[in-house]
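*Asks:* One structure coming up, written as structure tokens, with questions to follow.
The values are calculated or read from the model by the stated rules, or taken from the named source; none is laboratory data. Because the structure is a prediction, the values reported are computed rather than measured. Neighbour counts are summed over all protein chains in view; Cβ atoms, including those assigned to glycine, are modelled from backbone coordinates with ideal geometry. Quick note on the areas: whole protein, heavy atoms, side chains included, nothing else; ligands and nucleic acids left out. Shrake-Rupley method; radii C 1.70, N 1.55, O 1.52, S 1.80 Å.
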Amino acid sequence: MTERAVIVAADFPTATDLADFLARLPGEKPFLKVGMELFYGAGPDLVRQLKQDGYRIFLDLKLHDIPNTVKSAMRVLRDLEVDLVNLHASGGKDMMEAALEGLTRPDGSRPMLIAVTQLTSTSQDMLEYELLIPHPVEEVVAAYAQTAAEAGLDGVVCSPREVGVVKALCGPEFLTVTPGVRFADDEVGDQVRIATPAQARLDGADFIVMGRPITRAHDPLAAYRRARADFEGVTL
Ligand code: C5P
């Protein structure tokens, strides 16, 4: 995988809010991340419509349940024809393998599947004192990524800071999708392990996910183009 792309986190409550946002990006067809808020609010019909309109979709529902339940849910998601879906690596290898099974169509094709390692809002303190995982976050991310790779997944969600260790362990083709990306002059919000688009590029991330720095920008089009210029190297 050599493509680099900015994925815009479409964290809106309704399809109308999304349409209003997309209207502010004339001439652009961004790779969109549909997460829990929009999916629970607008449902699968919106996803089908966006696919019909030619958008690439990362369906970010972060599944985490017993293997059989995840497999059945993935079977439903595969028919939405999205490009990328995810689950929590902490659900374990059996769950990840079951997910892949559910996602694979009779002809062998399937959306890409990636695993969340540790949320980018998780700090070292939280890891140790709330989750009772007494290891450096980077090590935990690397171990979860390795399990995801062994299960046959296509990549992981991780912070830009962890791309290097994940690629070293799982290979250059193993995808890294990195949220927690902020422009140098942005507010951090609730993200903890963050980097700029330019730094994520230097780190070797395949995709960056940016939400609020674009969706809540005074000029979303300028912010989106700035992110693409910094990360993809495109001049617009
Ligand atoms: O607004 P912001 O740029 O923080 O949005 C980041 C998006 O990426 C959110 O939709 C969030 O749910 C998602 N995400 C994340 N960290 C992960 C996985 C997904 O921030 N580890």
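*Asks:* Only one residue in D45, D17 is closer than 30 Å to L221 by Cα, more than 16 Å from the ligand (Cβ to nearest atom), in a helix (DSSP H, G or I) and of a type in the set (D, E). Which one? Give the derivation first.
*Replies:* Numbers: D17 fails: more than 16 Å from the ligand (Cβ to nearest atom).
Exactly one of D45, D17 is closer than 30 Å to L221 by Cα, more than 16 Å from the ligand (Cβ to nearest atom), in a helix (DSSP H, G or I) and of a type in the set (D, E), namely D45.
*Asks:* Is one or more of the residues making up the stretch 148-170 open to solvent by less than 20 Å² (accessible area, probe 1.4 Å), of a type in the set (S, T, Y) and within 15 Å of the ligand (Cβ to nearest atom)?
*Replies:* yes
*Asks:* A further question on this structure: If E130 meets every condition in (1) of a type in the set (D, E, K, R); (2) buried (at least 17 other Cβ atoms within 10 Å of the Cβ); (3) modelled with pLDDT of 95 or more; (4) out of contact with any strand residue (DSSP E or B) (no Cβ under 6 Å at 6 or more places or on another chain) apart from one, which number is that one?
*Replies:* (2)
*Asks:* If you don't mind, another one. In the stretch 94-123, how many residues are acidic (D, E) and either within 17 Å of G155 (Cβ to Cβ) or open to solvent by less than 50 Å² (accessible area, probe 1.4 Å) (or both)?
*Replies:* The number of residues fulfilling the criteria is 1.
*Asks:* I've got another one for you. Can you tell me which of (1) over 21 Å from V116 (Cβ atoms); (2) part of a helix (DSSP H, G or I) is the one R75 doesn't meet?
*Replies:* (1)
*Asks:* Here's a follow-up. Go through the stretch 138-147 and report how many residues are touching a residue at least 40 places away in the same chain (Cβ under 8 Å) and either open to solvent by less than 20 Å² (accessible area, probe 1.4 Å) or assigned to a loop (DSSP other than H, G, I, E, B) (or both).
*Replies:* 1
*Asks:* Among the residues of the stretch 179-199, count how many are surrounded by 21 or more Cβ atoms within 10 Å (Cβ to Cβ) and at pLDDT below 95.
*Replies:* Total satisfying the criteria: 5.
*Asks:* Residues being assigned to a loop (DSSP other than H, G, I, E, B), in contact (Cβ under 8 Å) with a residue 12 or more places away in the chain and not charged (D, E, K, R): count how many of those fall in the stretch 186-236.
*Replies:* Going through the stretch 186-236 one residue at a time, the tally reaches 9.
*Asks:* On to the next question. Residues D230, D219, D190, D203: which one is more than 21 Å from L84 (Cα to Cα), away from the ligand (no atom under 16 Å from the Cβ) and not β-branched (V, I, T)?
*Replies:* Being more than 21 Å from L84 (Cα to Cα), away from the ligand (no atom under 16 Å from the Cβ) and not β-branched (V, I, T) holds for just one of D230, D219, D190, D203, which is D219.
*Asks:* When residues of the stretch 56-72 are filtered for being open to solvent by 50 Å² or more (accessible area, probe 1.4 Å), in a helix (DSSP H, G or I) and in contact with a strand residue (DSSP E or B) (Cβ under 9 Å, 6 or more places away or on another chain), how many remain?
*Replies:* 1
*Asks:* Return only the number of the condition from (1) under 20 Å from L175 (Cα atoms); (2) assigned to a helix (DSSP H, G or I); (3) within 12 Å of the ligand (Cβ to nearest atom) that N86 does not satisfy.
*Replies:* Failed condition: (2).
*Asks:* Turning to a different aspect of this structure: Please work out which residue is least open to solvent (accessible area, probe 1.4 Å), limiting yourself to the stretch 2-27 and to residues that are over 15 Å from R226 (Cα atoms) and among the β-branched types (V, I, T).
*Replies:* My answer is T14.
*Asks:* Considering only residues that are closer than 25 Å to Q191 by Cα and either open to solvent by less than 80 Å² (accessible area, probe 1.4 Å) or under 13 Å from the mean Cα position of the chain (by Cα) (or both), which ones fall in the stretch 28-53?
*Replies:* Selection gives P30, F31, L32, K33, V34, G35, M36, L38, F39, G41.
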